[in-house]
Amino acid sequence: VQELATLKAEELDVKVMILNNQHLGMVVQWEDRFYKANRAHTYLGLKGEEWHKTNDEAQIYPDFVMMAASFGIPARRVIHKAELREAIEEMVNSEGPYLLDVMVPHIEHVLPMIPGGGGFKDTISDGDGSMFHEEREMKGL
């Protein structure tokens, strides 16, 4: 948060893009891949209000767009992929700092990845969290 204050106070022309999955992203990825999608407090939204399930924008927490506005920094949220190119162009073409909050599914994994204790030959380069969630649903977990 302090970084936004610095951007505004120092009039820095820095663009910030948040890939917002409302979770501790890399931890979720490890939970999916190595712990059968068992969660250990990795959801960062409000309890009982999960944007990724309801698509209710009012449930997105924290609201980084409002946070940026409180620092006097222009910002925008992207919900649909079709909006992304236009939003990036708007961000890049704006003068001064800008924050772009891009909502992404929490089951999208960052790949490639090398598991802890692994080497290059152990690189994981495919799949996402959906296969782990489908498996849990089939088992009734």
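Going by alpha carbons, how many degrees (0 to 90, nearest 10) lie between the helix axis of 84-93 and the longest principal axis of the chain?
Between helix and principal axis, roughly 40 degrees.
Tell me what the chain gives for mean residue ellipticity at 222 nm when only DSSP H runs of n ≥ 4 count, each as -39,500 (n - 2.57), the sum divided by the residue total, rounded to 500 deg cm²/dmol. List each step's numbers first, then the result.
Numbers: 6 runs with 48 residues, N = 141.
Roughly -9000 deg cm²/dmol at 222 nm, from the helical runs in the chain.
If all Cα-Cα distances of the chain are sorted into 10 Å bins from 0 onward, what percent lands in each bin, rounded to whole numbers?
Reading upward from the zero bin: 11, 32, 31, 20, 5, 0.
7 Å from Cα along Cα→Cβ at both Ala69 and Leu19: what's the point-to-point distance in nm?
For the pair Ala69/Leu19, the computed spacing is 2.7 nm.
With each pseudo-label sitting 7 Å past Cα toward Cβ, what's the Asp126-Asn38 distance in nm, one decimal?
2.8
Given charges of +1 on the Cβ of Lys and Arg and -1 on the Cβ of Asp and Glu, with all other atoms neutral, how large is the dipole of the chain about its Cα centre, in debye to the nearest 20?
Working: 14 positive and 24 negative charges, 105 e Å.
Dipole magnitude for the chain comes out near 500 debye.
Just the number, please: percent antiparallel of the DSSP beta bridges in the chain, rounded to the nearest 5. Please list the in-between numbers first.
Working: 2 of 12 bridges.
Roughly 15 percent of the DSSP beta bridges within the chain come out antiparallel.
Counting pairs on different chains as well as pairs 8 or more places apart, how many Lys pairs in the chain have Cα atoms under 23 Å apart?
Close lysine pairs found across the chain: 7.
Check which residues have an amide H placed less than 5 Å from Asp101's amide H, if you skip close sequence neighbours.
Here the answer is Ile18, Arg76, Arg77, Val78, since their amide H atoms fall under 5 Å of that of Asp101.
What is the distance, in nm, between label points placed 7 Å from the Cα along the Cα-to-Cβ direction at Leu12 and at Met26?
Spacing of the two 7 Å Cα→Cβ label points: 2.1 nm.
Check His23: other-chain or 5+ apart residues with amide H under 5 Å from its amide H, H built from backbone geometry?
Leu44
Would you mind putting 54-67, 94-107 in packing order, based on average other-beta-carbon counts within 10 Å, highest first?
My ranking of the peptides, most packed first, is 94-107, 54-67.
Projected area of segment 16-95, taken from the Cα convex hull and averaged over every viewing direction, in nm²? Intermediate values should be presented prior to the final figure.
On the way: hull surface 26.1 nm².
Projected over every direction and averaged, the Cα hull of segment 16-95 covers 6.5 nm².
Only the coordinates and a few stated rules stand behind these numbers; no lab work does. These numbers were taken from a predicted model, which means no experiment stands behind them. Cβ coordinates were reconstructed from backbone atoms using ideal geometry, including for glycine residues, and neighbour counts include every protein chain displayed.
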